[in-house]
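Encoded as structure tokens, the structure appears first; notes follow it.
Computed from the coordinates by the stated procedures, all read-outs in this text should not be read as laboratory data. Remember, it's a predicted structure, so these values are computed and weren't measured experimentally. No Cβ is skipped: glycine too gets one built from the backbone with ideal geometry, and neighbour counts run over all protein chains shown.
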Amino acid sequence: MLRILKWEFIRRLREQGIFYVVLVIISGSLYILKDVDRTKDFLPAMGSLYGGFLYVLINIFSILYLIYGVRKPVHTVEHLSYLSIYKVLGAKLINNGIFYFFMYFGLKFLERGLSFYNTENVRYLVIGVPFDSFAYQFSFILPCAVLLLYLILMSFSLTKQFPLISMFIVLGILMWVVYITGFGNPIRQYLMLQHDNVGYIVNILVFSILFYSCCKLYEKKFELSV
């Protein structure tokens with residue numbers, strides 16, 4: 001398992017490392033150049049834009065990473081190496097959590113640097129969401145939910161031809177149904193429970209069901225089409 005985790009970490013670092021390098025450069029510049037008048041507007045504005053961009057990008061990438069991973073040719077090597085799908089997907093999810101940690105606390109460091117440039121009328125990027133509020137959802141639960149939907153669509157001849165397009169269409173329909181039916185209220189209540197013991201238990205149960213379902217469906221359906 002440690003070998004798979006290391007493999008996934010190195011692969012992910014190669015794919016995303018440049019974004020963190022840029023984050024470190026911008027954050028360091030904010031601290032070093034805080035007394036230089038020419039940076040009072042441009043540098044913090046650029047830092048805020050980049051911080052917001054990185055937060056959205058990493059979260060979206062984490063959600064889609066399982067699909068991205070199983071669609072890459074290198075995944076065939078993983079399968080032919082007789083690695084358990086539980087270990088392969090588990091390693092990808094653990095690395096989701098690791099890189100969410102890097103991103104979140106990197107942005108908190110950026111936020112600290114931007115605070116030097118705040119005025120009474122202008123406030124730059126503020127990450128007001130506690131670390132554990134969405135760490136579970138973006139790193140573990142949503143990736144499994146989206147992968148499960150993708151695998152289900154891979155089981156039908158019509159949607160199997162264009163699984164990614166079909167998945168986004170179905171996701172759009174589901175979001176529309178949630179909106180018009182008012183089902184979003186239970187979802188909001190669930191998100192509000194993140195800091196309660198009940199919330200942790202629900203997260204574990206939801207994740208366990210989704211993860212097990214993904215692995216079983218992958219073994220039964222998706223592998224036949226590789």
In nm, spacing of pseudo-spin labels at Arg112 and Tyr68 (7 Å Cα→C-beta vector): 2.8 nm
Packing-based ranking, highest mean first, of 141-151, 85-95 given that Cβ atoms within 10 Å are counted: 141-151, 85-95
Full-stretch length increase - Val24, Val170 - with 0.36 nm per residue and alpha-carbon distance subtracted: 48.8 nm
In nm, spacing of pseudo-spin labels at Lys160 and Leu57 (7 Å Cα→C-beta vector): 3.6 nm
Distance (nanometres) between label positions extended 7 Å along Cα→Cβ at Arg3 and Phe42: 5.1 nm
